[in-house]
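Just below is one structure, and these are the notes that go with it.
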Amino acid sequence: QVQLEESGEGLVQAGGSLALSCVASGNIGSIDALGWYRQAPGKQRELVARITTDGQTTISESVMGRFTISRDSTKNTVYLQMSSLKPEDTAVYYCNGFGPAQIYWGQGTQVTVSS
């Protein structure tokens, strides 16, 4: 099993920045990639960004150029640096751990961007 704990919840004005972090614990070796998804009210959960164990990244077109994903393997932590935030970025952001046998989710952290 893998446990994912997010932090960095916040309210920010449009154009501002916010950083999220997610610490993974447990059977870390079973994880091929860590990432972030988000779900806005009334919408489906969508991929924001993902980073593999060898550092390859996938970034959603909706946030490309504004969000950056990184990881610190020594701390089993993945980060999402968000800048130039827009009201449409408002959502619950979920940390995701992707393995060949199972997918893991954090509890989610609220990001609210005011106009």
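Points to keep in mind about this one:
- Relative contact order computed over the chain (Cα-Cα under 8 Å; 6+ residues apart), in percent: 37 percent
- Solvent-accessible area, 1.4 Å probe, carbon plus sulfur percent, for the chain: 47 percent
- Simple Cβ-charge dipole of the range 1-73, Lys/Arg +1 and Asp/Glu -1, about Cα centre, in debye nearest 20: 220 debye
- Rounded to the nearest 20 debye, dipole of the range 60-115 from Cβ charges on Lys, Arg, Asp, Glu: 140 debye
- Solvent-accessible surface (1.4 angstrom probe) belonging to Leu11, in square angstrom, nearest 10: 130 Å²
The values are calculated or read from the model by the stated rules, or taken from the named source; none is laboratory data. Small disclaimer: the values here were computed from a predicted structure and weren't measured. Virtual Cβ from ideal backbone geometry, glycine too; neighbours counted across all protein chains shown. Only protein heavy atoms, including side chains, enter the accessible area calculation; ligands, DNA and RNA are left aside. Shrake-Rupley method; radii C 1.70, N 1.55, O 1.52, S 1.80 Å.
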